[in-house]
Amino acid sequence: MQIHHLKMTHHKLNLPQKICPVCQRPFAWRKKWAKNWESVKYCSVRCSLHKAKT
């Protein structure tokens with residue numbers, strides 16, 4: 001007997017993405033960036049610390 005949790009699944013479709021200027025990788029919108037998504041530039045703290053090297 002299989003139990004499917006259809007109501008529990010979270011589909012992260014069509015989230016806005018940006019390209020990190022340091023690592024050149026795409027990163028997607030996160031809830032913690034909801035208020036300032038326009039000003040988010042880096043995908044991680046590591047990349048924001050290494051921004052001077054690029």
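Return the pairs, sorted by first residue and then second, in which the second residue is modelled with pLDDT under 60 and surrounded by 10 or more Cβ atoms within 10 Å (Cβ to Cβ), the first residue lies in the range 1-27 and is assigned to a loop (DSSP other than H, G, I, E, B), the beta carbons are less than 9 Å apart, and the residues are 6+ apart or on different chains.
Here the result reads 21/54; 22/54, each pair linking the range 1-27 to a residue that is modelled with pLDDT under 60 and surrounded by 10 or more Cβ atoms within 10 Å (Cβ to Cβ).
Please find, within the range 39-54, the residue that is farthest from residue 22 (Cα to Cα) out of those that are exposed (fewer than 10 other Cβ atoms within 10 Å of the Cβ) and either β-branched (Val, Ile, Thr) or modelled with pLDDT under 95 (or both).
45
The values are calculated or read from the model by the stated rules, or taken from the named source; none is laboratory data. Since we're looking at a predicted model, the values are computed, not measured. Backbone-built Cβ (ideal geometry, glycine too); neighbour counts: all protein chains shown.
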